[in-house]
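Novice: This structure is in structure tokens; I'll ask about it shortly.
The values are calculated or read from the model by the stated rules, or taken from the named source; none is laboratory data. Worth saying up front: this structure is predicted, and the values here are computed from it rather than measured. Reconstructed Cβ throughout: ideal geometry from the backbone, glycine too, with neighbour counts over all protein chains shown.
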Amino acid sequence: MKKITRFSFVLFVLGVLFTACSGGETHKSRNANFLPPMHITITDEIKGDPDLVTLVTSSEKAINEFSDNIEQLAVDGKDLLQKSENGEEASMMDKLKAGKMMLEFASNSTQMLTTMQKFTTYMEEKQAQGMINEQQVKALEQVGKAFNNRIEAINKKYADYFSK
């Protein structure tokens, strides 16, 4: 019996590794029911700062992917949540699915974390050099507002998620 359990665990780990290393694109097309992609406007005042423009566009992409990632997690996890609410014990396959979903979420969220680090580094470097102007601050604030707005939209969309 222990051999079967170990074998299942090894197969699961290998499957997760192959999935994680496959480029992270497990979902080729975007779900039409997800919130629409958001757009962060790049103002004329900051177009001359290529580092900031790159930061804003990469932040936009990361926020959209993070949003889709959260929504995909909600879609994929709905049946597991319902089983849990009904007091059903999770099967081995349910546990494997939950583990896979958590690993995919963590893997897909790395771009958001990387972008947040770039964002912080950019601000700290500019502030240390005394080279941050009002337009740059507004552009950086716009990214923060866009992220907060997206989180609020997700919270609103899934407000009654746990009660269904």
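Novice: Among the residues of segment 147-160 satisfying the criterion of being free of Cβ contacts under 8 Å to residues at least 40 places away in the same chain and not in a helix (DSSP H, G or I), which is nearest to the chain's Cα centre (by Cα)? Reasoning before the result, please.
Specialist: Applying the first criterion (free of Cβ contacts under 8 Å to residues at least 40 places away in the same chain) to segment 147-160 yields 148, 151-152, 155-156, 159-160.
Okay, now just the ones that are also not in a helix (DSSP H, G or I), so 159-160.
Details: ALA159: 18, ASP160: 21 Å.
So the residue we want is ALA159.
Novice: Also: Test VAL56 against the criterion of being among the β-branched types (Val, Ile, Thr) and either more than 19 Å from the chain's Cα centre (by Cα) or at pLDDT below 85 (or both), and give yes or no.
Specialist: Values: among the β-branched types (Val, Ile, Thr): yes; either more than 19 Å from the chain's Cα centre (by Cα) or at pLDDT below 85 (or both): no.
Spelling it out, it is not the case that VAL56 is among the β-branched types (Val, Ile, Thr) and either more than 19 Å from the chain's Cα centre (by Cα) or at pLDDT below 85 (or both).
Novice: While we're looking at this one, here's another question. I'd like the full set of residues that are of a type outside the set (Phe, Trp, Tyr), in contact (Cβ under 8 Å) with a residue 12 or more places away in the chain and not in a helix (DSSP H, G or I), limited to segment 34-59. Quick ask: steps written out before the conclusion?
Specialist: Keep residues of segment 34-59 that are of a type outside the set (Phe, Trp, Tyr), which gives 35-59.
Filter again for in contact (Cβ under 8 Å) with a residue 12 or more places away in the chain, leaving 35, 37-43, 45-46, 49, 51-52, 55-59.
If the condition is that a residue be of a type outside the set (Phe, Trp, Tyr), in contact (Cβ under 8 Å) with a residue 12 or more places away in the chain and not in a helix (DSSP H, G or I), then LEU35, PRO37, MET38, HIS39, ILE40, THR41, ILE42, THR43, ASP49 are the ones that fit.
Novice: Being over 22 Å from GLU124 (Cβ atoms) and either touching a strand residue (DSSP E or B) at 6+ places or on another chain (Cβ under 6 Å) or free of Cβ contacts under 8 Å to residues at least 24 places away in the same chain (or both) is true for just one of ASP68, ASP76, ASP94. Which residue is that? Give the steps one after another, and end with the answer.
Specialist: Values: ASP68 fails: either touching a strand residue (DSSP E or B) at 6+ places or on another chain (Cβ under 6 Å) or free of Cβ contacts under 8 Å to residues at least 24 places away in the same chain (or both); ASP76 fails: either touching a strand residue (DSSP E or B) at 6+ places or on another chain (Cβ under 6 Å) or free of Cβ contacts under 8 Å to residues at least 24 places away in the same chain (or both).
When all the criteria are applied, what remains is ASP94.
Novice: Just checking, which of GLY99, GLY144 is closer than 27 Å to ASP44 by Cα, small (Gly, Ala, Ser) and under 20 Å from the mean Cα position of the chain (by Cα)?
Specialist: Numbers: GLY99 fails: closer than 27 Å to ASP44 by Cα.
Residue meeting the stated conditions: GLY144.
Novice: Yes or no: LYS28 out of contact with any strand residue (DSSP E or B) (no Cβ under 9 Å at 6 or more places or on another chain), at pLDDT below 85 and in a helix (DSSP H, G or I)?
Specialist: Criteria not met by LYS28.
Novice: Exactly one condition in (1) within 24 Å of ILE63 (Cα to Cα); (2) loosely packed, with under 15 Cβ neighbours inside 10 Å; (3) without any contact (Cβ under 8 Å) to a residue 60 or more places away in the chain; (4) over 14 Å from the mean Cα position of the chain (by Cα) is false for LYS138; which is it?
Specialist: All conditions pass for LYS138, except number (3).
Novice: For a quick check of your reading of the model, give me the residue pairs whose first member lies in segment 118-130 and is part of a helix (DSSP H, G or I), whose second is among the small types (Gly, Ala, Ser), with beta-carbon atoms closer than 8 Å and at least 6 apart or on different chains.
Specialist: LYS118/SER58; PHE119/SER59
Novice: Further question: Return yes when ALA98 is among the small types (Gly, Ala, Ser), surrounded by 15 or more Cβ atoms within 10 Å (Cβ to Cβ), touching a Ser or Thr at 6+ places or on another chain (Cβ under 7 Å) and in a helix (DSSP H, G or I) and no when it is not.
Specialist: Details: among the small types (Gly, Ala, Ser): yes; surrounded by 15 or more Cβ atoms within 10 Å (Cβ to Cβ): yes; touching a Ser or Thr at 6+ places or on another chain (Cβ under 7 Å): no; in a helix (DSSP H, G or I): yes.
So ALA98 fails the test.
Novice: Inspect all residues belonging to segment 122-143 and state whether any of them is under 17 Å from PRO37 (Cβ atoms) and of a type outside the set (D, E, K, R). Walk me through how you get there before you give the answer.
Specialist: If we filter segment 122-143 for residues that are under 17 Å from PRO37 (Cβ atoms), which is where we start, we get 142-143.
Then keep just the ones that are of a type outside the set (D, E, K, R); that gives 142-143.
Scanning segment 122-143, I find at least one residue that is under 17 Å from PRO37 (Cβ atoms) and of a type outside the set (D, E, K, R), so the answer is yes.
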